[in-house]
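Presented below is the structure to which this report refers.
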Amino acid sequence: MSDKATIKIDGKEFEFPLITGTENETAIDIKDLRAATGGIVTIDPGYKNTGSCESAITFLDGEKGILRYRGYSIEELAEKADFLEVAYLLIFGELPTSEQLGKFKEDICEQSVVDEDVRKIVDSFPKSAHPMGVISSLTSALTAFNPSSVNVNSEEDMYKAIVKILGKFPVLVAWTMRKKQGLPLDYGDCSLGYVENTYKMMFKQPNKDYVTNQVVVDALNKLLILHADHEQNCSTSTVRIVGSSHAGLFASLSAGISALWGPLHGGANQAVLEMLEAIKEDGGDTKKYMAKAKDKNDPFRLMGFGHRVYKNFDPRAKIIKVAADEVLNDLGIDDPILDIAKGLEHEALNDPYFVERKLYPNVDFYSGIIYRAMGIPVEMFTVMFALGRLPGWIAQWREMRLGKEPIGRPRQIYTGENLRSFTTIDKR
Ligand code: ACO
């Protein structure tokens, strides 16, 4: 392949370099396009064809259903790794030695205490508040409680901000859930693993000793790993673009959490479960909902189906489907929702509408079923996604800062009115 692309405008040719990544993905480098052509830009709504950065964190091939963090396959990581190891891998580039992991855990534990005044903020939210709104606000509030984390030019301060948020975020997740349930806002136990400690903080009852449930902890570990990064998706791009203005880590993450909330992104896991419940309530007629999803006059979409990048299968969905069976079996739960989900999947995979558009179950299709079996309320599902995605957002933010990327500031093509004179109100 040539190493240049030529663009011809009005008979004049402009050459731009092609850049190729380590997995042979190719891009036309148009950094100089506007300057060379005297003001012409590209337009690409939804960024379907636009690479916003070069990144060494996550590789995914949507046609082949490949997902790798720092070169390690998602299948291997989900089977063998611990969530905190994966977090370290994503953020710092290599799997940690036991010494590095021990220090990382210690630093996170050290920073996991949340200022007592944050409890007052948690208390001030109505019980009816959606947990995603609460967790995004609390993450933003951490900026006010930790002003030094705003210094994005010091690697040392960046590290401190990273361990702070990794330590405090599970506490905030647990408090967000417990506040809704009217349970005391408490701390866990740093001697436990990161995932188990999170689980304990969420579920410990004030009148009973905490008893570990290894099946649930292992499944949660797997789910968090599967959600940990997904290159330049909507929330991650948000984190990078907010961070590119030199906003601090917590402010950037808070914006990412808001982006994740939407039902076309992380909010889909809640939407999937609500959809499956509605189908169950409606008599379990999956065909009716398949027809609705295909009807262009009906806004209904089959939630948990389709993906901007995966056009073959979502490797995370494959792992989660197996995990859903395992967890429900281990916990002795017979959930009719799982049968409805499997029925829908079977129908969709054999339906020309879905086959032609390459619509497959995505990561969110089965995750909600596992969360529900664990006793996590539906409204908390997207918060669990955020907990899993936290290391990925941090890794992408850190890479963007260390790479000294310029501020993100797209152009546009203006399609509004041309210059006109102001008419005073009495003449309008
Ligand atoms: N149900 C029915 N039809 C669908 C669905 C669906 N879930 N998804 C896509 N389509 C159809 C579209 O109507 C469109 O049809 P057309 O070509 O006849 O107009 C075609 O498939 C392509 O869809 P787009 O929306 O253009 O695809 P895009 O890449 O922009 O969107 C998205 C991807 C947002 C994920 C979409 O598939 C969707 O809305 N899915 C449901 C929500 C969901 O599960 N989101 C979670 C994504 S994973 C994540 O963020 C973690």
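Going by average Cβ density within 10 Å per residue, which order do the peptides 27-33, 62-68 take, highest to lowest? Kindly include the intermediate steps, with their values, before the conclusion.
Values: 27-33: 14.6, 62-68: 16.7.
Output ranking for 27-33, 62-68: 62-68, 27-33.
For segment 239-367, report the accessible area per residue in Å² (1.4 Å probe, heavy atoms, rounded to an integer).
I get 44 Å² per residue for this part.
In debye, nearest 20, what is the charge dipole magnitude of segment 132-276 about its Cα centre with +1 on Lys and Arg Cβ and -1 on Asp and Glu Cβ, if you could check? Before the final figure, lay out each step's value.
Numbers: 11 positive and 11 negative charges, 84 e Å.
Roughly 400 debye, rounded to the nearest 20.
With every atom except the alpha carbons ignored, what do you get for Rg and Dmax of the chain, in angstroms?
23.4, 79
Hey, what D do you get for segment 210-308 in µm²/s if you plug the Kirkwood alpha-carbon radius into Stokes-Einstein at 4 °C and 1.567 mPa s?
Using the Kirkwood radius from Cα pairs, D works out to 80 µm²/s.
Based on the alpha-carbon gyration tensor of segment 293-336 and its eigenvalue square roots a ≥ b ≥ c, which shape applies: rounded if a/c is under 1.5, prolate if not and a/b is larger than b/c, or oblate?
oblate
Give me log10 I(q)/I(0) at q = 0.24 Å⁻¹ for segment 1-63, Debye formula, one equal scatterer per alpha-carbon, no solvent.
For segment 1-63, the Cα-only Debye profile gives -1.20.
Would you mind telling me the share, in percent, of accessible area of segment 29-101 contributed by carbon and sulfur at probe 1.4 angstrom? Mind dumping the intermediate values first?
Working: 2020 of 4210 Å².
Answer for segment 29-101 is 48 percent, counting heavy atoms of protein chains only.
Can you tell me which lysines have their Cα less than 20 Å from the Cα of Lys179? Leave out same-chain residues fewer than eight positions away.
Result set, ordered by chain and number: Lys120, Lys127, Lys168, Lys200, Lys204, Lys208.
When ligands, DNA and RNA are left out and all protein chains stay put, how many square angstrom of accessible area per residue does segment 117-223 have with a 1.4 Å probe?
On a per-residue basis, 42 Å².
Along the charge dipole of segment 24-148, pointing to its positive end and built from +1/-1 on Cβ of Lys, Arg, Asp and Glu, which listed residue (Thr50, Thr26, Gly71) has its Cα farthest out?
With unit charges placed on the Cβ atoms, the residue in question is Thr50.
Which FRET efficiency value, to the nearest 0.05, is calculated for Thr423 and Phe300 with the Förster distance at 35 angstrom and r the Cβ-Cβ distance?
For R0 = 35 Å, the calculated efficiency reads 0.20.
What is the mean projected area of the alpha carbon convex hull for segment 349-426, to one decimal in square nanometres?
Convex hull of Cα atoms, orientation-averaged projection: 13.5 nm².
Given the whole protein assembly as supplied and a 1.4 Å probe, what does the accessible area of Tyr360 come to in Å², nearest 10?
Roll a 1.4 Å probe over it and Tyr360 shows about 70 Å².
Please give the FRET efficiency for Thr212 paired with Tyr72, using the beta carbon to beta carbon distance and R0 = 25 Å, rounded to the nearest 0.05. Show your work: numbers first, answer last.
On the way: r = 27 Å, r/R0 = 1.10.
My answer for the efficiency is 0.35.
Show the residues, 5+ positions off or on another chain, whose built amide H is closer than 5 Å to the amide H of Phe305.
Amide H to amide H, under 5 Å and 5 or more residues apart or across chains, Phe305 pairs with Asn362.
Which ³J(HN,Hα) values, rounded to whole Hz and listed in residue order, are derived for segment 388-394 from phi using the Karplus coefficients 6.51, -1.76 and 1.60 in 6.51 cos²θ - 1.76 cosθ + 1.60 with θ = phi - 60°, glycine and proline given as x?
So the Karplus estimates, Gly and Pro as x, are x, 6, 3, x, x, 4, 5 Hz.
When only the heavy atoms of the protein chains count and the probe is 1.4 Å, how do Leu349, Leu89, Leu192 rank by accessible area, highest first?
Output order, biggest surface exposure first: Leu349, Leu192, Leu89.
For Lys404 and Thr97 in the same chain, what is the full-extension length gain: residue separation times 0.36 nm, less their Cα-Cα distance, in nm?
107.7 nm
Could you go through segment 222-229 in sequence order and give the Karplus-derived ³J(HN,Hα) for each residue, using 6.51 cos²θ - 1.76 cosθ + 1.60 with θ = phi - 60°, rounded to whole Hz, and x for Gly and Pro?
5, 4, 5, 4, 5, 9, 5, 7
What value in Å³ per residue do you get for the convex hull of the alpha-carbon atoms in segment 183-246?
Roughly 137 Å³ of hull volume per residue.
Which value in Å is the Kirkwood Rh of segment 281-428 over different Cα pairs?
About 19.4 Å for segment 281-428.
Given H placed on each backbone N at 1.01 Å, which residues far from Ile66 in sequence or on other chains put an amide H within less than 5 Å of it?
When sequence neighbours closer than 5 places are left aside, the close amide H contacts are Asp61.
By how many nm would the segment from Ala278 to Leu349 grow when fully extended, if each residue of separation counts as 0.36 nm and the alpha-carbon distance is taken off?
23.4 nm
Tabulate in residue order the Karplus-calculated ³J(HN,Hα) for segment 199-205, using 6.51 cos²θ - 1.76 cosθ + 1.60 with θ = phi - 60°, rounded to whole Hz; enter x for Gly and Pro.
Result, rounded to whole Hz: 4, 4, 4, 6, 10, 4, 8.
For segment 29-187, what D do you get in µm² per second when you plug the Kirkwood radius from alpha-carbon pairs into Stokes-Einstein at 10 °C and 1.306 mPa s?
83
The values are calculated or read from the model by the stated rules, or taken from the named source; none is laboratory data. These numbers come from a predicted model, not from an experiment. Counting neighbours? That spans all protein chains shown, and the Cβs are built from the backbone with ideal geometry, glycine included. Side chains included, ligands, DNA and RNA excluded: accessible areas come from the protein's heavy atoms. Shrake-Rupley method; radii C 1.70, N 1.55, O 1.52, S 1.80 Å.
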